[in-house]
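Below is one structure, written out as structure tokens; the observations come after it.
The values are calculated or read from the model by the stated rules, or taken from the named source; none is laboratory data. Predicted model, so just to flag it, every value in this text is computed and none were measured. All Cβ positions, glycine included, derive from the backbone under ideal geometry; neighbour counts span all protein chains shown. These area figures cover heavy atoms from the full protein model, side chains too; ligands, DNA and RNA do not enter into them. Shrake-Rupley method; radii C 1.70, N 1.55, O 1.52, S 1.80 Å.
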2 protein chains.
Amino acid sequence: MRVSIKDIARAAGVSHSTVSRALSDSPLITAETKAQIKRIAREMGYTPDARARSLVMGETRTVGVVVTTIADPFMAPVVQGIESTAYENGYSVILASANSDPARELAAVEMLQSKRVDGVIVTASRVGALYQDHLGRIGVPVVLLNNHSEQSGRYLYTVTVDNQHGARLATQHLIELGHRRIAYIAGPADHSSNAGRMEGYRQALTEAGIPFISDLVAQGDGKMDAGMRALPALMDLAERPTGLFCYNDMTAIGVLRAARQLGIDVPRDLSIVGFDDIAFASFITPPLTTIAQPQFEMGQQAMQMLLTRIRQSPDAPISDILIEGKLIVRESTRRRA
Amino acid sequence: MRVSIKDIARAAGVSHSTVSRALSDSPLITAETKAQIKRIAREMGYTPDARARSLVMGETRTVGVVVTTIADPFMAPVVQGIESTAYENGYSVILASANSDPARELAAVEMLQSKRVDGVIVTASRVGALYQDHLGRIGVPVVLLNNHSEQSGRYLYTVTVDNQHGARLATQHLIELGHRRIAYIAGPADHSSNAGRMEGYRQALTEAGIPFISDLVAQGDGKMDAGMRALPALMDLAERPTGLFCYNDMTAIGVLRAARQLGIDVPRDLSIVGFDDIAFASFITPPLTTIAQPQFEMGQQAMQMLLTRIRQSPDAPISDILIEGKLIVRESTRRRA
DNA sequence: TTGTACGCGTTATCAA
DNA sequence: TTGATAACGCGTACAA
């Protein structure tokens, strides 16, 4: 049987309110009885009931994290950053993955609502677009991570990587290496992150006076297979690209694989730049030149932002956080022959 | 302001118990008033309070997952399997990472206790050894994942990969390829998983009539750096090993890196077998021969086991689950020249 | 078929 | 300094 403060009160011969005060170190209690009560509590193996406490205190000290999947090399460190910062501030994390399934996403939000979390962090998905309404009505602060929403409502704040900036860095790097025919394998068409990277790519081209050629842009979805499928068509073009910017590292890894099968040497025949700098970008062959996103830190910042939203009045001003990635040059790019 | 069943009751002109019954589809309520109440509830944006409900129902439909870190390519899919099965059964997951820090591990357990989770899954760590007592006193079912505990107590059940079997497969594979000098780079000395893999390694050698040579066993810790540090010493031995079994894939990846620096060709000069089959084992060069563990399924099984423990009487018999990995032959091993 | 009253484990207010 | 009592939001035995 679980022991409650009433049980302790009975054992100590005092009222349950005295026990409550003693355990929360109220100055109103004699040092003597306080020690006595604490001893009994320890002996009986008492653990406070956070549910009951939260009911009267009006806060659960719990946040919800909605993620498409944690089995994603990019997301895991982000979640780690969130959990770590949460812990340091006395909060715990309820994790819900939605698997890009709208129904599950909705179920997750409802679950978090009924658990009365103090705030929610939603990571990359189309939530911003489709479920904005629902998220707005959730009644607690919501932070969107890596998910740009056009019309940030009253409860919506975002931590996003600067996609455009990163894509520009990547493309500029290829240009500086002498490449002129530079292809782009895109990510999911409905993600704003893809739009941002595409824009950065175009911008860098324009700045260098290189015409944008739509044939050099291949559709993709951010997964490895997309990279594998996209490469052959690009290499079949009359004028082959010599540089390639990929939506993300997973795509780039797929490209590397396809390149090996096609007998295309990277970086001799083709220079490749990824995006994300996932853990394994440096372990593959050749080690991947990419745009690093500080994943752990992004998680920390998102949680920090959520905490200030939770603590402040709901209309205190907070500017959204835009994190700049940086170029990591490894061995998948080289000067054009 | 949050709306409660009392608010709905007031709006509908009934008592709060009628509302409660109507919302839980009690057959005692007129279809008419039931519909009426449900409509009002929807209009007012009502969401049931899981805390209050759990207080009276005696269950939270929440489980805790303690992990050393999610930013671990092996753990992420496992957690995904847990979360997925939890969701399908109407449970949610509180995630706590302990970072191999005993204090944090303890804090995590206490937090989960106060949140009154219905059960806990603890993944790979020394918990089994050090905190067995504490976990036993937690008062709810505990499932240990990939963590062998010698003295499974009343509440402790385990889902473990068969380390010995996997290590035997790996070593036998090298032996069948003609290797006789086979080294082992160990994992954390205090992990039972390391003991199991070491034992499987010795067993395979013995079965093949190959003497065990302690010089061929290097210390490690399961991280990439350990693999990088261990290789030079092994290759400095008078009689170099031609085969190498690594505690896990991360160690093997470190070895591959060191090998490249030392000018050792894999698999020509050295055949390497890893353990885990993490997502990137097939992407590195050369693609790694390894022992695959069904991570997602392990998570599913652990959650399933926890669910039956939660539902059954606490002393119903459940045999621990031992999952056999299988050998995945890729390109890091070849017949001895 | 519905309402009243109680309890779940806390904290907080008011008296004593 | 301590104790009764109310309140948080909900489910349910019992009475009507």
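Number of residues in region A:9-27 that are within 8 Å of DNA strand C (Cβ to nearest atom) and part of a helix (DSSP H, G or I) equals 6. Please verify whether region A:289-301 includes one or more residues that are within 20 Å of residue B:331 (Cβ to Cβ) and either open to solvent by 10 Å² or more (accessible area, probe 1.4 Å) or modelled with pLDDT of 95 or more (or both). No: region A:289-301 contains no residue that is within 20 Å of residue B:331 (Cβ to Cβ) and either open to solvent by 10 Å² or more (accessible area, probe 1.4 Å) or modelled with pLDDT of 95 or more (or both). Report the residue count in region B:74-83 for those that are in contact with a helix residue (DSSP H, G or I) (Cβ under 7 Å, 6 or more places away or on another chain) and more than 7 Å from every other protein chain (Cβ to nearest Cβ). Summing the residues that are in contact with a helix residue (DSSP H, G or I) (Cβ under 7 Å, 6 or more places away or on another chain) and more than 7 Å from every other protein chain (Cβ to nearest Cβ) in region B:74-83 gives 4.
Do we find a residue being in contact with a Leu (Cβ under 9 Å, 6 or more places away or on another chain), within 13 Å of DNA strand D (Cβ to nearest atom) and within 30 Å of residue B:306 (Cα to Cα) anywhere in region B:32-49? Yes, there is a match, as at least one residue in region B:32-49 is in contact with a Leu (Cβ under 9 Å, 6 or more places away or on another chain), within 13 Å of DNA strand D (Cβ to nearest atom) and within 30 Å of residue B:306 (Cα to Cα).
Please determine, by comparing only the residues of region A:85-96 that are assigned to a helix (DSSP H, G or I) and open to solvent by less than 10 Å² (accessible area, probe 1.4 Å), which one is farthest from the other protein chains (Cβ to nearest Cβ). Among those residues, the one meeting the criterion is A:85. Scanning region B:25-66 for residues that are closer than 30 Å to residue B:114 by Cα, over 36 Å from the mean Cα position of the chain (by Cα) and open to solvent by 50 Å² or more (accessible area, probe 1.4 Å) yields a single hit, B:46.
Report whether or not residue B:19 is in contact with a helix residue (DSSP H, G or I) (Cβ under 9 Å, 6 or more places away or on another chain), within 8 Å of DNA strand D (Cβ to nearest atom) and touching a residue at least 40 places away in the same chain (Cβ under 8 Å). Spelling it out, it is not the case that residue B:19 is in contact with a helix residue (DSSP H, G or I) (Cβ under 9 Å, 6 or more places away or on another chain), within 8 Å of DNA strand D (Cβ to nearest atom) and touching a residue at least 40 places away in the same chain (Cβ under 8 Å). The single residue among B:309, B:334, B:268 that is basic (Lys, Arg) and closer than 30 Å to residue B:61 by Cβ turns out to be B:309.
Count of region B:237-248 residues, restricted to those that are buried (at least 20 other Cβ atoms within 10 Å of the Cβ) and without any contact (Cβ under 8 Å) to a residue 60 or more places away in the chain, is 0. Looking at this structure, is residue A:40 part of a helix (DSSP H, G or I) and within 16 Å of DNA strand C (Cβ to nearest atom)? When the stated conditions are applied, residue A:40 passes them. Which members of region B:200-240 meet the condition of being in a helix (DSSP H, G or I) and over 30 Å from residue A:280 (Cα atoms)? Selection gives B:202, B:203, B:204, B:205, B:206, B:207, B:214, B:215. Across region B:97-112, the number of residues qualifying as under 19 Å from residue A:96 (Cβ atoms) and either within 7 Å of another protein chain (Cβ to nearest Cβ) or surrounded by fewer than 22 Cβ atoms within 10 Å (Cβ to Cβ) (or both) comes to 2.
Residue A:279 falls short on exactly one of the conditions (1) touching a residue at least 60 places away in the same chain (Cβ under 8 Å); (2) closer than 13 Å to residue A:332 by Cβ, and that condition is (2).
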